[in-house]
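Visitor: Can you read through this structure? Questions will come right after.
Just so you know, all these numbers are worked out from the coordinates, no wet-lab data involved. These numbers come from a predicted model, not from an experiment. Ideal geometry is used to build each Cβ from the backbone, glycine not excepted, and the neighbour counts take in all protein chains shown.
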Amino acid sequence: MKNILVIAGTSHRESVNLALASYTASQIEGAEITTLDLNNFEMPIYSQDREEASGIPEEAGKFLAAIQGSDGIILALAEHNGSYTAAFKNVLDWTSRMEQKLWSEKPMLLMATSPGGRGGANVLAAAGGYLPHLGAQVKATFSLPSFYDNFDAESGVKDAESLSKFQEALQVFKSVLS
């Protein structure tokens, strides 16, 4: 049984990215799914002074351990002003102080969605270029525009063109888990 780690790069409790990532994980038969809520990893804003004074927060170690214990990662990123959320970036900043390659070379399906027509395209492009430097093995990407028009919690992606791209990305990710 494969352990799939689901992370929505946001602290929003009703995250559309969490809905998309969770649905995606449910499409992997026989997988054990672990979902990380960034609200459980709140830490002070990273600074070298804080690290020298107080060390690395325990939450960073727990985040890293969850990654290391997984077989694959489904990461769906919310976009704030064209980039990562502050909550997600802060978790990366602290965790990378423990292990620069914090994603541990695990296969990743990188996703984004938003209510708007670009579907988090900016954050997806930024993450696709940056996360491999932190040890992510991005195997496939998927962006879903206009979340509320194109997604249903039970049936998944509704738009035919997006559904085809979703299925292709999911199949690539599943194939590297085998």
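Visitor: Considering (1) within 23 Å of residue 175 (Cβ to Cβ); (2) surrounded by fewer than 14 Cβ atoms within 10 Å (Cβ to Cβ); (3) in contact (Cβ under 8 Å) with a residue 60 or more places away in the chain, say which one residue 76 fails and leave the rest.
Guide: (2)
Visitor: Ok, one more. Could you grab me the full set of residues in the stretch 26-74 that are of a type in the set (A, V, I, L, M) and over 20 Å from residue 103 (Cα atoms)?
Guide: Answer for the stretch 26-74, where residues must be of a type in the set (A, V, I, L, M) and over 20 Å from residue 103 (Cα atoms): 28, 45, 53.
Visitor: Another question, if that's okay. In the stretch 26-73, which residues are under 18 Å from residue 88 (Cα atoms), part of a loop (DSSP other than H, G, I, E, B) and not aromatic (Phe, Trp, Tyr)?
Guide: The answer is 37, 42, 43, 44, 45, 47, 56, 57.
Visitor: Right, something else. Restricting to the stretch 133-158, count the residues that are assigned to a loop (DSSP other than H, G, I, E, B) and either closer than 25 Å to residue 70 by Cβ or without any contact (Cβ under 8 Å) to a residue 12 or more places away in the chain (or both).
Guide: Qualifying residue count for the region: 6.
Visitor: Could you go through the stretch 59-68 and let me know if any residue there is loosely packed, with under 15 Cβ neighbours inside 10 Å, over 15 Å from the mean Cα position of the chain (by Cα), more than 24 Å from residue 13 (Cα to Cα) and of a type in the set (A, V, I, L, M).
Guide: No, because not a single residue in the stretch 59-68 is loosely packed, with under 15 Cβ neighbours inside 10 Å, over 15 Å from the mean Cα position of the chain (by Cα), more than 24 Å from residue 13 (Cα to Cα) and of a type in the set (A, V, I, L, M).
Visitor: Quick one: which residue in 92, 64, 5, 38 is among the hydrophobic types (A, V, I, L, M, F, W, C) and in contact (Cβ under 8 Å) with a residue 60 or more places away in the chain?
Guide: Criteria check complete, one pass: 5.
Visitor: Next question. Would you be able to tell me the number of residues in the stretch 77-132 that are aliphatic (A, V, I, L, M), over 25 Å from residue 150 (Cβ atoms) and part of a loop (DSSP other than H, G, I, E, B)?
Guide: Final tally of qualifying residues: 1.
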